[in-house]
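Read the structure below first, then the notes.
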Amino acid sequence: MKPSPSLLPLLRSRMQGELLALVLLHPDREYTITELAEACGVTPTAVLREVERLTDGGILEDRRVGRSRLVKARTDTPLYRPLSDLIAATFGPMPLLTEALSELPGVREAYIYGSWAARYSGEPGPPPGDVDVLVVGSPDPDELFDLAERVSRRLGREVNVHRITPESWAASTTDPFLTSVRERPLTELSLNQEA
């Protein structure tokens, strides 16, 4: 099991935060146990145990369709909005930025760096004030700015995007910014597109 998260130490594990972020921040979507396990990088058994706890607690709901178990957020309780806001502010950057950047043409790779990535990787410290994102590729700068503004509003914290070319990212460099980014924790976003 992944260690207790520095982003929100109230949670039992980072996997729990990732699972809640995925499901609560996409309340209209149903996920299979297998999809959740792949997204969280754990076994279906681990996800199933967590889903059962969260379903028993009234946070998630599930239904069976054939042999599949479909899971979604329970939005009809007083817990949904405050829990969703808390999860968005802590574990929300990964699923929301992944979704937004996957839809933006010209993005080859993307990473979260800085204090958010450090807390996500387990480094202790104060809660991050913003989210720093490195985008590798050639997306339209105006569209990238608009995307950062939309995600900022949803997260309730500033999203700072730095764009670089694939050649700059691949090259060996003494650039202080790139050196700093590469030496600190870096969280890759799994984008579902070809640039």
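The values are calculated or read from the model by the stated rules, or taken from the named source; none is laboratory data. As the structure is a prediction and not an experimental result, all values here were calculated from the model. Here the Cβ is made from the backbone with ideal geometry for all residues, glycine too, and neighbour counts use every protein chain on show. We work out accessible area using only protein heavy atoms, side chains counted, and drop any ligands, DNA or RNA first. Shrake-Rupley method; radii C 1.70, N 1.55, O 1.52, S 1.80 Å.
Select from segment 136-160 the residues that are closer than 17 Å to residue 95 by Cβ and not in a helix (DSSP H, G or I) and list them in ascending order.
156, 157, 159
What about residue 104, is it closer than 20 Å to residue 89 by Cα and either open to solvent by less than 20 Å² (accessible area, probe 1.4 Å) or in contact (Cβ under 8 Å) with a residue 40 or more places away in the chain (or both)?
For residue 104, the condition - closer than 20 Å to residue 89 by Cα and either open to solvent by less than 20 Å² (accessible area, probe 1.4 Å) or in contact (Cβ under 8 Å) with a residue 40 or more places away in the chain (or both) - is not met.
Let's see how each residue does on (1) buried (at least 16 other Cβ atoms within 10 Å of the Cβ); (2) under 15 Å from residue 162 (Cβ atoms); (3) in contact with a helix residue (DSSP H, G or I) (Cβ under 6 Å, 6 or more places away or on another chain); (4) not assigned by the TED database to the domain that holds residue 22:
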| site | (1), (2), (3), (4) |
| --- | --- |
| 94 | yes, no, no, yes |
| 100 | yes, no, yes, yes |
| 110 | yes, yes, yes, yes |
| 113 | yes, yes, yes, yes |
| 124 | no, no, no, yes |
| 132 | yes, yes, no, yes |
| 136 | yes, yes, yes, yes |
| 140 | no, no, no, yes |
| 149 | no, no, no, yes |
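Need the failing condition index for residue 74 against (1) open to solvent by less than 30 Å² (accessible area, probe 1.4 Å); (2) in contact with a Gly (Cβ under 7 Å, 6 or more places away or on another chain), just the number.
Going through the list (1) open to solvent by less than 30 Å² (accessible area, probe 1.4 Å); (2) in contact with a Gly (Cβ under 7 Å, 6 or more places away or on another chain), residue 74 breaks only (1).
Among the numbered criteria (1) part of a loop (DSSP other than H, G, I, E, B); (2) open to solvent by 30 Å² or more (accessible area, probe 1.4 Å), which one does residue 82 miss?
(1)
Report the residue count in segment 23-77 for those that are free of Cβ contacts under 8 Å to residues at least 60 places away in the same chain, hydrophobic (A, V, I, L, M, F, W, C), touching a Pro at 6+ places or on another chain (Cβ under 7 Å) and outside any helix (DSSP H, G or I).
1
Could you grab me the full set of residues in segment 161-195 that are in a helix (DSSP H, G or I), over 20 Å from the mean Cα position of the chain (by Cα) and not charged (D, E, K, R)?
Matches in segment 161-195: 166, 168, 169, 170, 176, 177, 178, 179, 180.
Is it true that some residue in segment 111-129 is polar (S, T, N, Q), more than 21 Å from residue 11 (Cβ to Cβ) and not in a helix (DSSP H, G or I)?
Checked against the condition, which is being polar (S, T, N, Q), more than 21 Å from residue 11 (Cβ to Cβ) and not in a helix (DSSP H, G or I), segment 111-129 yields no hits at all.
Look through segment 157-195, keep the residues that are of a type in the set (Gly, Ala, Ser) and open to solvent by less than 70 Å² (accessible area, probe 1.4 Å), and return whichever of them is modelled with the lowest pLDDT.
The extreme case among them is 171.
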